[in-house]
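To keep things clear, I will list the structure first and then write my remarks on it.
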Amino acid sequence: MLAAVGVNSLEELFADVPAKHRFPELKIPAPLSEMETLAELRALSEGNLHAQKNTCFLGAGAYQHFSPSVVNYMIQRGEFLTAYTPYQPEVSQGTLQAIYEYQSMICALTGMDVANASHYDGATSVAEAVIMAYHHHREKRKKVLLAPTVHPHYRQVVRTYTQGMGVKIVGDHTTNTDLNELAKQLDQDTMLLVVQSPNFLGQIEALEGLAAKCHAVGAWLCVATEPVSLGLLKPPGQYGADVVTGEGQSLGLPLSFGGPYLGFFATRKEYVRKMAGRLVGEAHDKNGQRGFVLTLSTREQHIKRDKATSNICTNQGLMAIAATVYLATLGKHGLRRVAELCWHKSHYAAKRIAEIPGYSVDTSKPFFQEFVVKCPKPVHEINQFLINERNIIGGYDLSHDYAHLRQHMLVCVSELNSHEDINELVEALKEIG
Amino acid sequence: MSLEPLIYDLGRPGRTGVSLPEPDVPETAFPAELLRTDLDLPEVDQLSVVRHFTRLSQLNFSIDTRMYPLGSCTMKYNPRVNEDAARLPGFAASHPMQDPDTMQGNLALMYQLQEWLKEIGGFAGVSLQPAAGAHGELTGVLMMRAYHLDRGDVKRTKVLIPNSAHGTNPATASMAGLDVIELPSDARGNVDLAALRAYIAEHGAEVVGLMITNPNTLGLFEENIEEVVAVVHGCGGLVYGDGANMNAIVGIVRPGDLGFDVLHYNLHKTFSTPHGGGGPGSGPVGVSARLSDFLPGPVVDILADSEQGKPPHYGFVTPKKSIGRVKAFWGNFGMHVRAYAYMRVHGASGLRGNSEYAVLNANYLLSKLRGAWNVAYDRLCKHEFVLEGVWADAPGVHALDVSKRLMDYGFHPPTNYFPLIVREALMIEPTETENKETLDQFVSAMLKIAEEAHTQPDLLTQAPHTTPISRLDEVSAAKQLVLCCRPIPAWAE
């Protein structure tokens, strides 16, 4: 091969690389066999506590749910796993149709007209909603109202993404979680109001009338939501939302220490051309055969370049396919059942915890599967006890994000937590309390 | 008429794909006013789900079945050991909000990956948070902007970008609120140094920096890279490296040594994590010392050194002047595990060897194709090269037709119509994981297609002939948009 190329050595192929920097000595270990590598990684992984080894009551934006075995088998098929973005539709109908089905299911879940093929996660989906609203108003409106009960990471990401755009992000530096109060700040300079339901504290927000208030000043409403809860609850589309976003990890994706996850994004049909991200549409060939293609590509970076509204290219394709398999397997009846199980178990846990002296549960708003518990001691201390003495991973310490919620724990219960798990938690909380 | 019914059409009322338990706790009533009245999801039995998705998968070309020479995508083999590694329960079932003390295995892995990426890139700092290349680009440009503002330099609003750049580069600059200045390329395919000097001479004080890909999107190593970097630094600007083409240079040269201030890596290209039909990827960024404080946070650091044979204690630290989070949680950890496994198996010598063979394979193909095909810039290439998919004496045939005909020969087409500076571009990147036999088969197919273009052009213009579906009417698809197969819900009417 070297002869065919016309060089005498591999080194000659790099003659145009500056000599003094060529072939650095990389301080990286020598090669290791596949079996030794796997053994090393197994040992590393076993140093962790995790939700399969320890009963876990953590939520806070990532959820442990039952994922049917089929999900993993389908996404590990090499034809899905090792394919590229479906730019050549004739040889990509598998990926294209799976994503089209994903888009359709997201529309059905959220009550919206169109959904894209995904964003990186729930946080960047919200950021993209802000950017979409910004361009919709031709950069003339500068204000974004953000509820304090939107996930803290999402709010941070919105600020990072918009730091070069000259926009004002307001509304979330308050302890008041009443959305009607927040809505009073709507004005002609507001492009978007972002709320989350169920919110970061697990509470189901009263969304009636909110969209109307936004539309009265020409602003959009974006609702960030949680998809398993939509197996039970009225979807944001039915409340008049203009954009619905959310974290799709709970649709059969593993916890995986925070990623890869799945940002879903849906909007009304009149805004489809302003939406970022890939879109799969139905198409036909000359024989009338139905197929699918990436469409409206003129919105995207490879065509519009500096005029594109987003730079997104690679998204979370395989995760969207995983969610599609999950939703197809659980289906209409299964998703409802999972949501019901989460509801019953979390409400049972809340009732029992509320009965423990020294603990109280916030019931100011209804909740889906997470609830806030006021504890008699710092949450950190309680969690240390739970791990060290009971091998239980306790709920999230809200003092990390809300100064007025010191000693408040966000407890999450899913269909994977049994009656026994819950009772064990209750007994442990009693003991340390 | 369709290749495969929609999943919804495979169902019947009442069916479900998996059994679930009854509640094992007393039930709590649902507040009726909060409940939805519809839930339009499929009602399919599990076997039908399996058949449906299995049949769909069989409609795809993939690395697992075919050579996939997509330029700038680095479609190398995706090792299965990586999949097993990522699925180890200690990794897959770890919750991102767990106390870091219970996650030391994950943090050790992330720390080590940060260190190896620093080493490969020649950088002082790395963040693993960005979820894709474009995400890393936005991170990098925001850091450059923040760096200047932090020094009180508020006049810099322009980003210089070569006309051969990937579309994400200018799109990123716009997202960061900056203006794009396009630079021409010279006759040898490099960024035009004279044009760069001229612009900097007049406007240097307004320049945030340069975004450059090296090797560039023509597959060529920038011959003037050191001078280009010097000129940009000379006016106070920074240099951003798009690391999409890193597969050509791992162990060959380090961008940090060449003076790059920031670079994004694509773990789903260079480091073998799978493309998944459009993600998930991972786009970590490496930075020089002067940008380290601006990295998106948090990053993983050692909080307490190792003592008496025990491992160090790791934790999350937010850099002093961090631009902020770019993603919820810590990054696409599942991809970090896969990349780590890849780097561990190949080691320093293997990583360099992969780059050497990627470059050899591309040059081998180039040497075999250059007679029958027009080469855009005919010099020794790196891991990829660009052909023109047209011939003066084969009118009516375009790059698109070549691509469709390649499908009939069992190859995924190369990258089409990119970079924009080559007409009818076909960008070919074999990667190091294709063996000589496969490369020779590809050459044979390309030579036949070149001949067909001249003798039987219909074979190209009517291609593909052997795929499950033929060319689709994309124009009508965009006009009569059908993006969702579900009817409008009753409450919306």
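None of the figures in this text is laboratory data; all of them are computed from the coordinates on show. None of these values were measured; they are calculated from a predicted model. FYI the Cβ positions are ideal-geometry reconstructions off the backbone, even for glycines, and counts take in every protein chain you see.
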Neighbourhood charge, 10 Å Cβ-Cβ cut-off, centred on B:P21 and excluding it, Lys, Arg +1 and Asp, Glu -1
-2
Using a 10 angstrom cutoff on alpha carbons, build the Gaussian network for chain A and name the most mobile of A:V223, A:V71, A:V195.
A:V71
Once the piece of chain linking A:E46 and A:N287 is laid out straight, how much longer is it, given 0.36 nm per residue of separation minus the C-alpha distance between them?
81.2 nm
Computed from the beta carbon distance with a Förster radius of 45 Å, FRET efficiency for B:E202 and B:E437 to the nearest 0.05 stands at 0.25
Ranking B:M211, B:M446 by Cβ neighbours within 10 Å, fewest first, what do you get?
B:M446, B:M211
Distance (nanometres) between label positions extended 7 Å along Cα→Cβ at B:L447 and B:A478
3.9
If the cut-off is a Cα-Cα distance under 27 Å, which lysines reach A:K184, setting aside same-chain residues fewer than 8 apart in sequence?
A:K140, A:K142, A:K143, A:K168, A:K213, A:K234, A:K365
Toward the positive end of the charge dipole of the protein assembly as shown, about the Cα centre and with charges on Cβ (Lys, Arg +1; Asp, Glu -1), which of A:L327, A:P376, A:V170 goes farthest?
A:V170
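Taking the number of other C-beta atoms within 10 Å as the exposure measure, put B:Y314, A:Y84, A:Y359 in order starting with the fewest. Don't skip to the end; give the middle numbers.
Working: B:Y314 23, A:Y84 27, A:Y359 19.
So the residues, fewest neighbours to most, are A:Y359, B:Y314, A:Y84.
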Bin all alpha-carbon pair distances of the range A:220-319 at 10 Å intervals from 0 and give each bin's fraction as a whole percent.
13, 34, 37, 15, 1
The local net charge around B:G122, scoring Lys/Arg +1 and Asp/Glu -1 for residues other than B:G122 whose Cβ lies under 15 Å from its Cβ, equals +1
When chain A is treated as a GNM, springs tying every alpha-carbon pair under 10 Å, which of A:V243, A:V373, A:V91 comes out with the largest mean-square fluctuation?
A:V91
I want to check the label-to-label distance for B:M1 and A:N180. Put each point 7 Å from Cα in the C-beta direction and report it in nm to one decimal.
6.0
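R0 = 51 Å: FRET efficiency of A:S360 with A:D16, Cβ-based, nearest 0.05?
Working: r = 70 Å, r/R0 = 1.38.
It comes out at approximately 0.15.
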Give me the percent relative contact order of the range A:256-333, please, defined on Cα pairs under 8 angstrom at least 6 residues apart.
27
Residues B:E384, B:E119 in order from fewest to most other beta-carbon atoms within 10 Å are B:E119, B:E384
Grab the other residues whose beta carbon is less than 12 angstrom from that of B:E434, score K and R as +1, D and E as -1, and report the net.
-1
Value of Rg/Rh across the range B:82-344 [Cα atoms, Kirkwood radius]:
0.99
Ranking A:P236, A:N315, A:S297 by how far each Cα lies towards the positive end of the charge dipole of the range A:233-318 (+1 on Lys and Arg Cβ, -1 on Asp and Glu Cβ), the top one is A:S297
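For B:D393 and B:D179, compute 0.36 nm times the residue count separating them, minus their Cα-Cα distance, and round to one decimal in nm. It would help to have the intermediate numbers written out before the result.
Working: separation 214, 0.36 × 214 = 77.04 nm, distance 4.18 nm.
Length gained between B:D393 and B:D179: 72.9 nm.
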Rounded to the nearest 5, what % of DSSP beta bridges with both residues in the range B:82-344 are antiparallel?
45
Test of understanding: in a Gaussian network model of chain A with alpha carbons linked when under 10 Å, which of A:K374, A:K345, A:K332 would top the mean-square fluctuation ranking?
A:K332
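Calculate the FRET efficiency for A:Q188 and B:A124 from the Cβ-Cβ distance with a Förster distance of 51 Å, rounded to the nearest 0.05.
Numbers: r = 47 Å, r/R0 = 0.92.
Computed FRET efficiency for A:Q188 and B:A124 comes out at 0.65.
What number, rounded to the nearest 500 deg cm²/dmol, is the helix-based mean residue ellipticity at 222 nm of the protein assembly as shown, given -39500 (n - 2.57) per DSSP H run of at least four residues and division by all its residues? List each step's numbers first, then the result.
Working: 26 runs with 316 residues, N = 926.
It lands at -10500 deg cm²/dmol.
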Give the residue from B:A165, B:V141, B:Y199 lying farthest towards the positive end of the charge dipole for the range B:82-344; charges sit on Cβ (+1 for Lys and Arg, -1 for Asp and Glu) and the dipole is referred to the Cα centre.
B:V141
Value of relative contact order over chain A, rounded to a whole percent, pairs C-alpha under 8 Å and six or more apart:
21
Euclidean distance of C-alpha centroids, the range A:255-304 and the range A:367-381, integer Å
40
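Please give the charge dipole size of the range A:1-131, origin at the Cα centre, charges +1 on K and R Cβ atoms and -1 on D and E Cβ atoms. Round to the nearest 20 debye.
300
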About the Cα centre, and with charges only on the beta carbon of Lys, Arg (+1) and Asp, Glu (-1), how big is the dipole of the range A:69-325? Nearest 20 debye, please.
720
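Averaging over every viewing direction, what projected area does the convex hull of the Cα atoms of chain A cover, in nm²? List each step's numbers first, then the result.
Working: hull surface 110.0 nm².
With the hull built on Cα positions only, its mean projection is 27.5 nm².
For chain A, the longest stretch holding no GluC sites (Glu not before Pro) located in a DSSP loop with at most 16 other Cβ atoms within 10 Å is which?
Working: sites that count: A:E25, A:E139, A:E208, A:E355.
Longest stretch, sites excluded: A:209-354.
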Placing +1 at every Lys and Arg Cβ and -1 at every Asp and Glu Cβ, with all other atoms neutral, what dipole size does the range B:280-383 have around its Cα centre, in debye to the nearest 20?
340
